[in-house]
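Chemist: One structure, pasted below without further comment.
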Ligand SMILES: C[S@@+](CC[C@H](N)C(=O)[O-])C[C@H]1O[C@@H](n2cnc3c(N)ncnc32)[C@H](O)[C@@H]1O
(Lines give C-alpha, C1' and ligand atoms only; values in the text may rest on other atoms or scores of the structure.)
Protein backbone atom coordinates (compact mmCIF):
# COMPACT_ATOMS: atom_id res chain seq x y z
CA UNK A 1 0.00 0.00 0.00
CA UNK A 2 1.41 3.40 -0.93
CA UNK A 3 2.30 5.80 1.88
CA UNK A 4 0.63 9.18 1.65
CA UNK A 5 2.46 12.49 2.09
CA UNK A 6 0.71 12.69 5.47
CA UNK A 7 2.71 9.75 6.70
CA UNK A 8 0.15 6.94 6.92
CA UNK A 9 -1.45 4.70 4.32
CA UNK A 10 -5.17 5.20 4.90
CA UNK A 11 -7.86 7.17 6.71
CA UNK A 12 -7.99 10.84 7.52
CA UNK A 13 -4.50 11.52 6.19
CA UNK A 14 -5.70 10.44 2.76
CA UNK A 15 -8.55 12.91 2.92
CA UNK A 16 -6.21 15.67 4.06
CA UNK A 17 -3.96 14.89 1.13
CA UNK A 18 -6.92 14.95 -1.24
CA UNK A 19 -7.92 18.39 0.07
CA UNK A 20 -4.54 19.69 -1.12
CA UNK A 21 -5.03 18.30 -4.61
CA UNK A 22 -5.65 21.06 -7.13
CA UNK A 23 -4.74 23.88 -4.74
CA UNK A 24 -3.21 26.63 -6.88
CA UNK A 25 -3.66 29.89 -4.97
CA UNK A 26 -2.96 31.29 -1.52
CA UNK A 27 -6.72 31.55 -0.89
CA UNK A 28 -7.20 27.94 -2.00
CA UNK A 29 -4.50 26.83 0.40
CA UNK A 30 -6.11 28.68 3.32
CA UNK A 31 -9.48 27.11 2.41
CA UNK A 32 -7.93 23.62 2.26
CA UNK A 33 -6.32 24.17 5.66
CA UNK A 34 -9.68 25.19 7.16
CA UNK A 35 -11.29 22.10 5.59
CA UNK A 36 -8.62 19.91 7.24
CA UNK A 37 -9.27 21.73 10.57
CA UNK A 38 -12.96 20.84 10.27
CA UNK A 39 -12.16 17.20 9.53
CA UNK A 40 -10.04 16.82 12.64
CA UNK A 41 -11.32 19.40 15.14
CA UNK A 42 -14.81 20.06 13.79
CA UNK A 43 -14.13 23.81 13.74
CA UNK A 44 -11.72 26.18 11.94
CA UNK A 45 -8.48 26.61 13.89
CA UNK A 46 -7.57 30.04 12.50
CA UNK A 47 -8.75 32.51 15.19
CA UNK A 48 -9.33 35.21 12.54
CA UNK A 49 -11.98 37.54 14.00
CA UNK A 50 -11.46 36.17 17.51
CA UNK A 51 -8.12 37.88 17.80
CA UNK A 52 -7.83 39.84 21.01
CA UNK A 53 -5.05 42.46 21.32
CA UNK A 54 -1.75 40.67 21.92
CA UNK A 55 -0.18 40.73 25.39
CA UNK A 56 3.15 42.63 25.63
CA UNK A 57 5.84 40.64 23.81
CA UNK A 58 3.32 38.14 22.40
CA UNK A 59 2.68 37.72 18.67
CA UNK A 60 -0.61 37.23 16.81
CA UNK A 61 -2.21 33.74 16.81
CA UNK A 62 -1.61 32.95 13.13
CA UNK A 63 -1.75 29.15 12.62
CA UNK A 64 1.00 27.19 10.86
CA UNK A 65 -0.19 26.09 7.39
CA UNK A 66 -0.62 22.30 7.32
CA UNK A 67 1.97 21.73 4.59
CA UNK A 68 4.59 23.43 6.76
CA UNK A 69 3.44 21.64 9.94
CA UNK A 70 3.61 18.33 8.07
CA UNK A 71 7.10 19.00 6.67
CA UNK A 72 8.47 20.16 10.05
CA UNK A 73 6.95 17.20 11.92
CA UNK A 74 8.69 14.93 9.40
CA UNK A 75 12.02 16.39 10.55
CA UNK A 76 11.36 15.79 14.27
CA UNK A 77 11.94 12.00 14.37
CA UNK A 78 9.09 11.43 16.85
CA UNK A 79 8.64 8.07 18.53
CA UNK A 80 6.28 6.62 21.14
CA UNK A 81 8.12 8.32 24.00
CA UNK A 82 8.16 11.79 22.40
CA UNK A 83 6.30 14.64 24.05
CA UNK A 84 6.08 17.82 21.98
CA UNK A 85 5.28 21.21 23.53
CA UNK A 86 3.74 23.66 21.06
CA UNK A 87 4.75 26.96 22.64
CA UNK A 88 1.81 29.28 21.94
CA UNK A 89 -0.58 26.78 20.36
CA UNK A 90 -3.37 29.19 19.40
CA UNK A 91 -6.44 27.02 18.70
CA UNK A 92 -4.27 23.96 18.21
CA UNK A 93 -3.37 23.63 14.50
CA UNK A 94 -0.13 21.77 15.34
CA UNK A 95 -2.06 19.38 17.57
CA UNK A 96 -4.54 18.76 14.75
CA UNK A 97 -1.71 18.07 12.31
CA UNK A 98 -0.18 15.55 14.73
CA UNK A 99 -3.57 13.79 14.88
CA UNK A 100 -4.00 13.95 11.09
CA UNK A 101 -0.60 12.38 10.53
CA UNK A 102 -1.20 9.79 13.29
CA UNK A 103 2.26 10.48 14.61
CA UNK A 104 3.64 8.63 17.62
CA UNK A 105 3.96 10.27 21.04
CA UNK A 106 2.02 13.13 22.58
CA UNK A 107 1.60 16.86 21.96
CA UNK A 108 0.71 19.49 24.52
CA UNK A 109 -0.06 23.06 23.55
CA UNK A 110 0.35 25.98 25.94
CA UNK A 111 -1.49 29.20 25.10
CA UNK A 112 -1.34 32.58 26.82
CA UNK A 113 -4.69 33.81 25.45
CA UNK A 114 -7.30 32.18 27.73
CA UNK A 115 -10.07 32.28 25.11
CA UNK A 116 -7.93 30.52 22.49
CA UNK A 117 -6.68 28.01 25.06
CA UNK A 118 -10.30 27.18 26.01
CA UNK A 119 -11.22 26.66 22.36
CA UNK A 120 -8.19 24.44 21.79
CA UNK A 121 -8.96 22.45 24.96
CA UNK A 122 -12.59 21.96 23.87
CA UNK A 123 -11.82 20.07 20.65
CA UNK A 124 -8.67 18.26 21.82
CA UNK A 125 -10.53 16.58 24.73
CA UNK A 126 -11.81 13.93 22.31
CA UNK A 127 -8.28 12.98 21.18
CA UNK A 128 -5.85 10.71 23.02
CA UNK A 129 -2.36 12.15 23.23
CA UNK A 130 -3.40 15.81 22.87
CA UNK A 131 -3.61 18.27 25.77
CA UNK A 132 -3.80 22.03 26.25
CA UNK A 133 -2.50 24.19 29.09
CA UNK A 134 -3.87 27.71 29.56
CA UNK A 135 -1.15 30.14 30.64
CA UNK A 136 2.35 31.26 29.81
CA UNK A 137 5.11 28.97 28.58
CA UNK A 138 7.34 30.93 30.95
CA UNK A 139 5.40 29.70 33.99
CA UNK A 140 5.16 25.94 33.45
CA UNK A 141 7.46 22.99 34.09
CA UNK A 142 9.39 22.08 30.93
CA UNK A 143 11.38 19.05 32.05
CA UNK A 144 9.04 16.37 30.67
CA UNK A 145 9.10 17.58 27.05
CA UNK A 146 11.42 16.06 24.44
CA UNK A 147 10.50 18.38 21.56
CA UNK A 148 9.51 22.04 21.35
CA UNK A 149 7.79 23.85 18.49
CA UNK A 150 7.74 27.62 18.26
CA UNK A 151 5.95 29.43 15.44
CA UNK A 152 7.10 32.92 16.23
CA UNK A 153 5.16 33.08 19.52
CA UNK A 154 6.90 36.06 21.12
CA UNK A 155 9.55 38.74 20.73
CA UNK A 156 13.29 38.31 21.30
CA UNK A 157 13.22 39.46 24.95
CA UNK A 158 10.59 36.85 25.90
CA UNK A 159 12.38 34.21 23.80
CA UNK A 160 15.60 34.82 25.78
CA UNK A 161 13.69 34.28 29.05
CA UNK A 162 12.07 31.11 27.67
CA UNK A 163 15.46 29.72 26.56
CA UNK A 164 16.98 30.51 29.99
CA UNK A 165 14.19 28.48 31.64
CA UNK A 166 14.48 25.65 29.14
CA UNK A 167 18.24 25.43 29.69
CA UNK A 168 17.67 25.10 33.44
CA UNK A 169 14.91 22.50 33.18
CA UNK A 170 15.47 20.48 30.00
CA UNK A 171 16.10 16.76 30.03
CA UNK A 172 19.38 15.35 28.72
CA UNK A 173 18.61 16.43 25.18
CA UNK A 174 15.75 18.21 23.46
CA UNK A 175 14.95 19.13 19.88
CA UNK A 176 13.51 22.58 19.21
CA UNK A 177 11.97 23.68 15.91
CA UNK A 178 11.60 27.43 15.47
CA UNK A 179 9.46 28.45 12.50
CA UNK A 180 9.50 32.03 11.20
CA UNK A 181 12.46 32.91 13.37
CA UNK A 182 13.49 35.64 10.92
CA UNK A 183 14.17 38.15 13.68
CA UNK A 184 14.91 35.69 16.47
CA UNK A 185 17.31 33.00 15.26
CA UNK A 186 20.34 34.88 16.58
CA UNK A 187 18.93 34.34 20.10
CA UNK A 188 20.37 30.79 20.06
CA UNK A 189 23.86 31.80 18.98
CA UNK A 190 26.52 31.69 21.68
CA UNK A 191 24.32 29.75 24.11
CA UNK A 192 26.22 26.70 25.43
CA UNK A 193 24.82 23.32 24.41
CA UNK A 194 22.77 24.46 21.41
CA UNK A 195 23.69 22.98 18.03
CA UNK A 196 22.02 23.94 14.76
CA UNK A 197 20.79 20.73 13.13
CA UNK A 198 19.08 22.19 10.09
CA UNK A 199 17.77 25.45 8.72
CA UNK A 200 15.84 26.51 5.64
CA UNK A 201 13.03 28.61 4.27
CA UNK A 202 9.36 28.26 3.43
CA UNK A 203 8.25 30.62 0.70
CA UNK A 204 6.25 28.79 -1.96
CA UNK A 205 3.68 26.04 -1.99
CA UNK A 206 4.87 23.45 -4.47
CA UNK A 207 3.39 19.95 -4.25
CA UNK A 208 4.07 17.34 -6.91
CA UNK A 209 3.80 18.73 -10.43
CA UNK A 210 1.34 21.46 -9.48
CA UNK A 211 2.14 25.08 -10.32
CA UNK A 212 3.87 26.66 -7.34
CA UNK A 213 2.80 29.97 -5.83
CA UNK A 214 4.07 32.26 -3.11
CA UNK A 215 2.58 31.65 0.33
CA UNK A 216 4.53 34.43 2.02
CA UNK A 217 5.63 37.83 0.72
CA UNK A 218 9.21 36.94 1.69
CA UNK A 219 10.93 33.67 2.63
CA UNK A 220 10.19 32.50 6.18
CA UNK A 221 13.30 31.08 7.83
CA UNK A 222 13.12 28.09 10.15
CA UNK A 223 15.82 26.51 12.28
CA UNK A 224 16.04 23.20 14.10
CA UNK A 225 18.21 23.09 17.21
CA UNK A 226 19.41 20.33 19.45
CA UNK A 227 20.12 21.19 23.08
CA UNK A 228 22.50 18.71 24.66
CA UNK A 229 22.86 19.09 28.41
CA UNK A 230 26.17 18.30 30.10
CA UNK A 231 25.32 16.09 33.12
C1 LIG B 1 1.99 32.61 15.63
S2 LIG B 1 0.89 31.89 16.84
C3 LIG B 1 1.29 30.18 16.65
C4 LIG B 1 0.09 29.26 16.76
C5 LIG B 1 0.42 27.76 16.73
N6 LIG B 1 1.63 27.43 17.44
C7 LIG B 1 0.57 27.25 15.32
O8 LIG B 1 1.71 27.05 14.90
O9 LIG B 1 -0.44 27.06 14.62
C10 LIG B 1 1.71 32.38 18.36
C11 LIG B 1 0.87 32.14 19.63
O12 LIG B 1 1.74 32.24 20.76
C13 LIG B 1 0.95 32.72 21.85
N14 LIG B 1 1.85 33.19 22.92
C15 LIG B 1 2.55 34.33 22.96
N16 LIG B 1 3.29 34.42 24.09
C17 LIG B 1 3.03 33.29 24.80
C18 LIG B 1 3.49 32.76 26.06
N19 LIG B 1 4.35 33.44 26.83
N20 LIG B 1 3.02 31.56 26.46
C21 LIG B 1 2.14 30.87 25.71
N22 LIG B 1 1.66 31.31 24.52
C23 LIG B 1 2.12 32.50 24.06
C24 LIG B 1 0.11 33.80 21.19
O25 LIG B 1 -1.02 34.13 22.00
C26 LIG B 1 -0.25 33.14 19.86
O27 LIG B 1 -1.48 32.44 19.96
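The values are calculated or read from the model by the stated rules, or taken from the named source; none is laboratory data. The structure displayed is predicted, hence computed values, not measured ones. Note that each Cβ is placed from the backbone with ideal geometry, even for glycine, and that neighbours are counted across all protein chains shown.
Chemist: Spot the failing condition for residue 200; the list is (1) part of a strand (DSSP E or B); (2) more than 17 Å from the chain's Cα centre (by Cα), and only one is missed.
Modeler: Condition not satisfied by residue 200: (2).
Chemist: Where the second residue is more than 14 Å from the ligand (Cβ to nearest atom) and assigned to a helix (DSSP H, G or I) and the first is closer than 20 Å to residue 114 by Cα and modelled with pLDDT of 95 or more and lies in the range 35-48, which pairs have Cβ atoms under 7 Å and are six or more apart or on separate chains?
Modeler: 44/38
Chemist: Still on this structure, I have one more. Only one of 150, 138, 163, 175 is in a helix (DSSP H, G or I), modelled with pLDDT of 95 or more and closer than 14 Å to residue 225 by Cα; which?
Modeler: 163
Chemist: Which residues, taken from the range 74-112, are surrounded by fewer than 24 Cβ atoms within 10 Å (Cβ to Cβ) and out of contact with any strand residue (DSSP E or B) (no Cβ under 8 Å at 6 or more places or on another chain)?
Modeler: The answer is 74, 79, 80, 81, 101, 102, 103, 104.
Chemist: Mind counting the residues in the range 163-202 that are within 16 Å of the ligand (Cβ to nearest atom) and either more than 24 Å from residue 65 (Cα to Cα) or surrounded by fewer than 19 Cβ atoms within 10 Å (Cβ to Cβ) (or both)?
Modeler: Final tally of qualifying residues: 9.
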